1. Rounded to the nearest whole Å², what accessible area per residue is found for the range B:125-190 with the 1.4 Å probe?
2. By Kyte-Doolittle mean hydropathy of at least -1.0 and Cα axial length of at least 15 Å, which whole DSSP H helices of chain A are selected?
3. Run down the lysines and flag those whose C-alpha is under 21 Å from the C-alpha of A:Lys130, throwing out any fewer than 8 positions away in its chain.
4. Mind computing the radius of gyration and Dmax over the alpha-carbon atoms of chain A? Å is fine for both.
5. Which of B:Ser116, B:Leu80, B:Leu187 sits farthest toward the positive end of the charge dipole of the protein assembly as shown, with +1 on the Cβ of Lys and Arg and -1 on the Cβ of Asp and Glu?
6. On a 0 to 90 degree scale, rounded to 10, what angle separates helix B:2-18 from the longest Cα axis of chain B?
7. Just to confirm, what accessible area per residue do you get for the range A:151-195 at 1.4 Å probe, in whole Å²?
8. Over the alpha-carbon set of the protein assembly as shown, work out the extent along each principal axis and list the three values in angstrom, largest first.
Amino acid sequence: MISLQHVTKIYKNSVVALDDVSVEIEKGEFVFIVGASGSGKSTFIRLLLKEEEATKGDIYVAGKNLAKLTPWKVPYLRRNIGTVFQDFKLLQDKTVFDNVGFALEVIGKPKHVIDQRVPEILELVGLGDKINNSPDELSGGEQQRVSIARACVNRPLLLLADEPTGNLDPTTSVDIMRLLDRVNRIGTTVVMATHDQAIVDAMRRRVIELDAGKVIRDQSRGVYS
Amino acid sequence: MFRRFEYYLREVTSGLRRNGLVAFAAVSTTFIALLLFGLALLISRQVNLMIEATTGNVEVAVYLSDPVNPQTVEALTQKLASLPAVANVTYESKAEACAKFKQEFANQPGLVQGVSCDPKDNPLPASLRVKLAHPEEYSQVAAVLGCRSDGTCAQPGVDKIYDFRGLLDRLFAVTRVFRVGVLLVALVMLIAAAILIANTVRMGLFARRKEIGIMKLVGATNWRIRIPFLIEGLFESLIGASLAVLFLFGLKVAFINPLYGKIQFVPWVTNSDVVAVIPWLVVAGALVALIAGFAGMRRFLDV
């Protein structure tokens, strides 16, 4: 599903974010990327979305070599990737339904598909009764559920989550992790960057630890440190 | 397809509502720019009409001395027509010249009464009307007839040669200055309009940067994101163009219509001339909007 081969990323200000990283992630895996702030977690995620390009090395996502992907094909790559962020990135002037439907509408899905899939996925994330609420009427955990629903509504192969529990209290975080686990169990590969120790230790999944841009640990069924 | 259309329509109208004041500025600047552009086009059309009417497209007149010998006319016509600088030569007899004179000055009876078209004492000369293919090579015509700079000619049968180009040059010079001036102002206004439209586009992009960020993340194509903004700019400039067209018609009805028939033998621009400038205004407006749209979006949509 994901393959990084000797990937180095140096930003324009000559900060080395990733340094000769090689990682293989299989289809259906659930992987934590851990490490202190500035260790390169977010860069890792951004490279997979082709928001940034690797300075050196090759990246394959869903069988595609990202370096050779022309700019106009990037949107089609992203349609196979769901993304979830710490700050939810919801549109406050749209209802929950419209926030999720927006992801289908802007890739040109017909209305009947939207009307069918959006309530379905919102039911799945446990927000079936909040369809017409505005995001600011929801709790943080509920907002993150909306954003997960939006990430999954187009049935992606891969879900990237960058600190999805960063803004949530521990109990809510556990709920969100249960949801991500469910998403993973239906076959979606999940890559989650986090520095939430309790969660990583509780989930016992594969852990890739980054430090100053290098992989210093890659452990299946690992703990935070 | 209809759904996509509905999507774009919704995006455009919400965009226009959002930055109404800047959109208004863009529309009014486009309107003024296109109005001036249209005016410049109509003025040059009017000038061309007047030139055609006054000279009948003849650039050089060769006046023949009395009495006119048909063989001389034939020989001179051939001689002139064979010159590379000459496009065509037509003969205007004394009777025709007289009739034309009476027609042209019909509103000045004193002048007309003093002239008799009777072949015995018709004072108007017969002439060969020469249209030049290359007006700058007028000297060929003068040389072949042995004409001097005062217009008198050595060629037997030729009385005088008159070069209308001097008159045309002066007319052209005046109108050129006028037209260039109006076009320059129109150009400056068009640039101002382009900047304002680019600004509305950029403000729209800025106001919706979060939405655009999400669109990119979920895999919307760049065109899907761009098109509403381009349509918004296009819409603004086309409203400006429509207003300019309406205003041009208004000006024409208010200022040109009262002149119809007032001054004899001067033709005026008609409604169909105004209609003929519409495509130019629309094309100019659309071009400005598209250029401005792309300029406004530059660097904003890099993946």
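The values are calculated or read from the model by the stated rules, or taken from the named source; none is laboratory data. Just so we're clear, the structure is a prediction, and the values are computed from it rather than from any experiment. Backbone-built Cβ (ideal geometry, glycine too); neighbour counts: all protein chains shown. Ligands, DNA and RNA are excluded from the accessible area calculation, which covers all protein heavy atoms including side chains. Shrake-Rupley method; radii C 1.70, N 1.55, O 1.52, S 1.80 Å.
1. On the way: 3710 Å² over 66 residues.
That works out to 56 Å² per residue.
2. On the way: long enough: A:111-124 (20 Å, -0.16); A:140-152 (18 Å, -0.48); A:170-185 (22 Å, -0.34).
Once both thresholds are applied, what remains is A:111-124, A:140-152, A:170-185.
3. Within the straight-line cut-off, A:Lys130 pairs with A:Lys89, A:Lys94, A:Lys111.
4. 17.3, 49
5. The Cα lying farthest towards the positive end belongs to B:Leu187.
6. Roughly 90 degrees, rounded to the nearest 10.
7. Numbers: 1750 Å² over 45 residues.
Averaged over the residues of the range A:151-195, the accessible area is 39 Å².
8. Projected onto its principal axes, the Cα set of the protein assembly as shown covers 124, 47, 36 Å.
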